[in-house]
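The values are calculated or read from the model by the stated rules, or taken from the named source; none is laboratory data. Predicted, not measured: the structure shown is a model, and the values here were computed from it. Ideal geometry is used to build each Cβ from the backbone, glycine not excepted, and the neighbour counts take in all protein chains shown. With ligands, DNA and RNA removed, areas are computed over all heavy atoms of the protein, side chains included. Shrake-Rupley method; radii C 1.70, N 1.55, O 1.52, S 1.80 Å.
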Amino acid sequence: MTGQVLRRRRGGVAPYEVAAAAPAEELTAALLRNLADGVGGQAAYAVPADRGHAVVESWPPGLTSVADAAGVRPVAGGGSVFVLAPARQDDAAGALLHDTAVWLGPAVRLARQRTEHDTAELRARRLRGELATARARLDRVRDLERHRLVRAITATTLRDLAAVRERLRAAATDGSGLDVARDALDELIDGFRVVVRGVFPAMLPDRGPRAALEELAATLPRPVTFAGDLGRRVGWQLESGFYHAVAAALNLLAGEDSPHPVTVTFGRDDALRASVRAEGPLTAADLRHALVQDVDRVAVLGGDMACGVADGAAVVTVRLAERIEAATPAVADPAVLERCAVYRQVRDLVRQGQDATEGRPERAAWDAVAERLTMPVRLAVVGKGEPPHAVPGVSVLVVDAQADRALAEEFLAEHGPRGGVAAVLCRTAPAPEFRTALRGGRHRVALTEAEQGEFASRLKVLTTALALRGPVIAARRAVTAMTDLVRALPPDHRLRWAVDRVGVDAHEFAELDLLDDLARGGVLRGLTVVAARLLGAEGMAVRDRLGLPPTATDDEVTTAARAAITRWRAHGAHPAAGGRDRAACEVLVRTAEGLLPH
């Protein structure tokens, strides 16, 4: 049927006939080809972008600009349809352009809904896998907990009961040892109370986990000190899971007498947090082995329990998110994503990877990349203060925690409540290891620091840049992930070459890399401010990049852009310029050329 549409007579057919014949996924392209044939020229569907219009689809394929369009009509689903170099400009051609714009509206909405459907299907598939994994872990934790309780009751309580029975027999035989039997019975009752308290601490529902843990600490042979606060109360399931995890660490680290106290520090942001620290000989492997059951139990509840050694002290950290059920991830506006050519290119590569791994275990990893590709770019704001307002196209994560290496590793993770962060704004200076960890991650994470007086202005510039660069950042992160995934494909698979090529050729990626190099001070020393501004560090608008006021005319923009081109070409050609500086200048020249008015 599609072939019949493509072999239509010159002059085109009515757009409703094209809509009736073309497959849904090819409808936009078929309508544009029909329009191009009807007017004897070229046709394109484009959406607004920061530098004019971005061509989403065209006939013939490959059009990149609509600056010289002879006709334009808005499309109800967003964007406009353009006619270029038409051989016909009569009333019939105008009517065909109008009707095509009308039918492109449903086509664009259909494409958007298809994208949303694919995203929802990917998420449903991922959640089914996570549900199966969580159920398996829950079954294992339930069995381990049952065995632990059986051991606690049988191995301890029954053993002590046998000792009491022997002493009572001795007292009944010769009348001696009754006081010893009474003491043994008191110890048995106290031990049984400890077992019951471990299952259901009486103070937990009334006063919360901290009070219950303080009650537990009072029964341990090693002194325990508490600091910090858990904030307002949360649900019983969370508090119970949090209590048992911290209690397990306390029983392990404070179970033997020592003059050095165990320190428990509480914290609260988007999760309940505790850090248990104690001097001693235990290694990280010892801690993990002893607490393996508790680690699994916390993981089932959506948290994590980490074991390590720092400065000669054993450290166990517990984090349990306040929200157990997974929140529906935000999805970026497909119309905004489609404006970016490199995003569309990367999206197509991801789909090819999904097709290549259909029915294989590797498909799940490609589905995860496809799902993350549709999410808005994520900004983490670190430090105390009022949460920023929502910004379209940017997901803001507020974290009131110390900016250390552990937090950086959470930001760098692919998954998790704090994972997938693309930029960080710190209200106070972070620790050096925080910067080092972010720079050493496989994904690019931009770091900005702002004092209280300049926080609002820095936040506005950063969120604006992230919203405009969101599709490029998402595409870059997807390429990084695909670079690892294509290694599982056959050596001669074309997708290997295609992923490498888009990673090397995309100028948008080169701009992001250069911004990183400038922030680290590795290139263009003494010129980093003006170079970063041209790359959009102080605003993505053309006039902001060129250092011009918003009222500057197009002629002033042209003059400033040409001056920037001349400047960076001259700097790169200077004999004293090193190889890295010359490469940076080439990127800046290409950027400045793209700022010239069309």
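The residue of the stretch 385-401 that is least open to solvent (accessible area, probe 1.4 Å), among those that are hydrophobic (A, V, I, L, M, F, W, C) and touching a helix residue (DSSP H, G or I) at 6+ places or on another chain (Cβ under 6 Å), is V394.
Could you tell me whether D513 is in a helix (DSSP H, G or I), farther than 22 Å from R439 by Cα, open to solvent by 50 Å² or more (accessible area, probe 1.4 Å) and among the acidic types (D, E)? Please lay out each step first, then the result.
Values: in a helix (DSSP H, G or I): yes; farther than 22 Å from R439 by Cα: no; open to solvent by 50 Å² or more (accessible area, probe 1.4 Å): yes; among the acidic types (D, E): yes.
Against the criterion (in a helix (DSSP H, G or I), farther than 22 Å from R439 by Cα, open to solvent by 50 Å² or more (accessible area, probe 1.4 Å) and among the acidic types (D, E)), D513 does not qualify.
Taking the condition charged (D, E, K, R) and either touching a residue at least 60 places away in the same chain (Cβ under 8 Å) or outside any loop (DSSP other than H, G, I, E, B) (or both), does R525 pass?
On the way: charged (D, E, K, R): yes; either touching a residue at least 60 places away in the same chain (Cβ under 8 Å) or outside any loop (DSSP other than H, G, I, E, B) (or both): no.
No.
For every residue, the table says whether it meets (1) open to solvent by 50 Å² or more (accessible area, probe 1.4 Å); (2) part of a helix (DSSP H, G or I); (3) among the basic types (K, R).
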residue	(1), (2), (3)
D517	no, yes, no
V530	no, yes, no
R533	yes, yes, yes
G536	no, no, no
G539	no, no, no
P549	yes, no, no
A552	no, no, no
D555	yes, yes, no
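Once the stretch 359-384 is narrowed to residues that are assigned to a loop (DSSP other than H, G, I, E, B) and of a type outside the set (V, I, T), the residue that is surrounded by the most Cβ atoms within 10 Å (Cβ to Cβ) is P376.
Of all the residues in the stretch 480-512, those that are free of Cβ contacts under 8 Å to residues at least 12 places away in the same chain and acidic (D, E) number 3. Among the residues of the stretch 577-591, those that are open to solvent by less than 30 Å² (accessible area, probe 1.4 Å) and part of a helix (DSSP H, G or I) comprise A584, C585, V587, L588, V589, T591.
Reported count of residues in the stretch 416-446, each being outside any loop (DSSP other than H, G, I, E, B) and open to solvent by 20 Å² or more (accessible area, probe 1.4 Å), is 6.
Let's see how each residue does on (1) polar (S, T, N, Q); (2) touching a Lys or Arg at 6+ places or on another chain (Cβ under 9 Å); (3) farther than 18 Å from G303 by Cα; (4) open to solvent by 10 Å² or more (accessible area, probe 1.4 Å):
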residue	(1), (2), (3), (4)
R222	no, no, yes, yes
Q237	yes, no, no, yes
H244	no, yes, no, yes
A249	no, no, no, no
A284	no, no, yes, yes
L287	no, no, no, no
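Among the residues of the stretch 88-102, is there at least one that is open to solvent by less than 60 Å² (accessible area, probe 1.4 Å), on the phi > 0 side of the Ramachandran plot and modelled with pLDDT of 90 or more? If you could, list the steps in order and put the result at the bottom.
Of all residues in the stretch 88-102, those open to solvent by less than 60 Å² (accessible area, probe 1.4 Å) come to 92-97, 100-101.
Still in the list and also on the phi > 0 side of the Ramachandran plot: none.
Scanning the stretch 88-102 turns up no residue that is open to solvent by less than 60 Å² (accessible area, probe 1.4 Å), on the phi > 0 side of the Ramachandran plot and modelled with pLDDT of 90 or more.
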